[in-house]
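Structure first, then comments.
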Amino acid sequence: MKHLFLSIFLLLFAALSFGQTDWSWWNDTHGWEEGMPGWRNWIVTSPGYLGPNALPVPEVKRGFLTTKAEFELTASIHFHSGDPTQDISGRGYFPFAKGKIAVEVYGVMFEHYSYTDQIRDERFSRDEDGEGYAIGDFYFSTLIQLSKDRKFPNTLLRFAAKTASGGNLDGARYADTPGYFFDFSFSKDYGQTESMVFRPYAMLGFYSWQTNDEENLQNDAILYGLGTDFEKNNWRFTSSWSGYHGYKDNGDRPMQLNFELRKDFDKKAIRIQYQHGLHDWLYRTVRFSFLWKFNMKP
């Protein structure tokens with residue numbers, strides 16, 4: 001019985017200690033006073049003021065669906081002088097209806113971050129030491145093949161929804177808001193032999209997400225991308241330029257360069273990616289991925 005009372009006392013003490021967290025350092029840093037909007041209203045819901053995985057530029061699609069399902073596991077390193085971040089993410093891709101429709105799910109399963117006091121204060125974070133862990137948002141998308149292997153370019157429609165599952169809003173890592181985007185991607189294959197293909201492609205769409213701005217609860221953006229593939233003997237090299245352009249101009253106009261090298265085997269594949277931020281999203285990211293491929297049952 002004595003141990004039971006001691007355990008209850010310790011739990012109550014811990015709960016009271018947590019409830020009495022001293023936020024005076026944050027109040028003093030940002031000049032917050034009684035009667036002013038709460039700290040959540042200070043967080044800027046844009047990629048320029050959150051972590052690298054909060055509102056990322058969507059991957060540029062290439063205008064067509066592949067016929068094999070895929071599971072992908074990725075380890076990423078985000079280089080930033082004030083916010084180095086590492087994460088593990090996953091992706092599942094499932095085509096059906098004879099390759100005319102596919103469903104894709106993906107998201108960050110685990111993230112570690114450690115940022116400077118300057119970054120902490122710029123983002124209005126309440127994570128005083130600037131180091132911790134978070135779980136990311138998850139995305140669900142439907143892809144529909146509109147045209148393929150015709151005189152008209154390959155054309156793909158994608159519609160995706162972003163959940164608000166991302167954690168650690170205190171640390172300004174994720175937006176804690178839902179969103180969605182849709183886009184059309186186009187491509188055309190050129191090549192002298194079946195083993196070699198040169199493929200230019202483009203993407204144009206619309207991206208929208210909820211914010212904490214009471215006057216304008218939604219931010220809308222034009223989504224865009226241009227790129228090229230060069231394929232030869234199951235190797236593929238890709239380079240692209242992509243981003244989106246929000247209307248608030250508060251760090252909501254990320255732009256980046258993307259490079260990818262992929263090697264396909266019969267039932268597996270590996271790929272290495274490098275992303276170079278140009279505007280508002282200023283990370284240098286390296287990704288290492290391993291993929292398992294399999295045929296879906298008819």
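TRP281 - would you say it is closer than 18 Å to PRO47 by Cβ, surrounded by 13 or more Cβ atoms within 10 Å (Cβ to Cβ) and either modelled with pLDDT under 95 or not aliphatic (A, V, I, L, M) (or both)? Judged against the criteria, TRP281 is a match.
Looking across the stretch 189-232, the residues that are acidic (Asp, Glu) and not in a strand (DSSP E or B) come down to ASP189, GLU194, ASP213, GLU214, GLU215.
For residues that are in contact (Cβ under 8 Å) with a residue 40 or more places away in the chain and part of a strand (DSSP E or B), scanning just the stretch 233-252, find the one that is nearest to ARG199 (Cα to Cα). Residue satisfying both the conditions and the ranking: SER240. Of the residues making up the stretch 114-169, those that are closer than 17 Å to HIS30 by Cα and of a type in the set (Asp, Glu) are ASP117, ASP121, GLU122, ASP127, GLU128, ASP129.
Does the stretch 253-269 contain any residue that is crowded, with 19+ Cβ neighbours inside 10 Å and not in a strand (DSSP E or B)?
Yes - at least one qualifying residue is present in the stretch 253-269.
Among the strands (runs of 3 or more DSSP E) confined to the stretch 81-188, the ones with at least 2 residues that are modelled with pLDDT of 95 or more are located at 85-96, 101-114, 138-147, 154-162, 179-187.
Tell me, please, whether a residue that is under 17 Å from TRP281 (Cα atoms) and without any contact (Cβ under 8 Å) to a residue 60 or more places away in the chain can be found in the stretch 99-110. Spell out the reasoning first.
Here is the first cut: in the stretch 99-110, the ones under 17 Å from TRP281 (Cα atoms) are none.
No, every residue in the stretch 99-110 fails to be under 17 Å from TRP281 (Cα atoms) and without any contact (Cβ under 8 Å) to a residue 60 or more places away in the chain.
For the stretch 23-57, enumerate the residues that are over 23 Å from GLY166 (Cα atoms) and among the charged types (D, E, K, R). Matches in the stretch 23-57: ASP28, GLU33, GLU34.
Looking across the stretch 135-160, the residues that are exposed (fewer than 15 other Cβ atoms within 10 Å of the Cβ) and within 16 Å of TYR106 (Cβ to Cβ) come down to THR142, PHE159. When you look at GLY107, is it within 24 Å of SER187 (Cα to Cα) and either within 18 Å of the chain's Cα centre (by Cα) or of a type in the set (S, T, N, Q) (or both), yes or no? Criteria not met by GLY107.
Yes/no matrix, rows are residues, columns are (1) among the aromatic types (Phe, Trp, Tyr); (2) under 25 Å from ASN258 (Cα atoms):
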site	(1), (2)
ARG120	no, no
GLY132	no, no
PHE138	yes, yes
GLY167	no, no
PHE181	yes, yes
PHE184	yes, yes
SER195	no, yes
ASP213	no, no
ASN219	no, yes
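For the stretch 69-106, a residue qualifies if it is of a type in the set (Gly, Ala, Ser) and at positive phi, and the qualifying residues are ALA97, GLY99.
Does ASP83 qualify as being surrounded by fewer than 17 Cβ atoms within 10 Å (Cβ to Cβ) and farther than 30 Å from ASN295 by Cβ? Judged against the criteria, ASP83 is not a match. Could you list, in sequence order, the residues of the stretch 34-57 that are small (Gly, Ala, Ser) and closer than 15 Å to TRP23 by Cα? Correct list: GLY38 only. For the stretch 230-252, a tally of residues being within 21 Å of GLY205 (Cα to Cα), of a type outside the set (Asp, Glu) and surrounded by fewer than 19 Cβ atoms within 10 Å (Cβ to Cβ) returns 6.
The residues of the stretch 117-134 that are under 22 Å from the mean Cα position of the chain (by Cα), more than 17 Å from VAL44 (Cβ to Cβ) and surrounded by fewer than 18 Cβ atoms within 10 Å (Cβ to Cβ), listed by number, are GLU131, GLY132, TYR133.
The values are calculated or read from the model by the stated rules, or taken from the named source; none is laboratory data. What you are looking at is a predicted structure, and each value in this text was computed from that prediction instead of being measured. Positions of Cβ are generated from backbone atoms using ideal geometry, with glycine treated the same way; all protein chains shown enter the neighbour counts.
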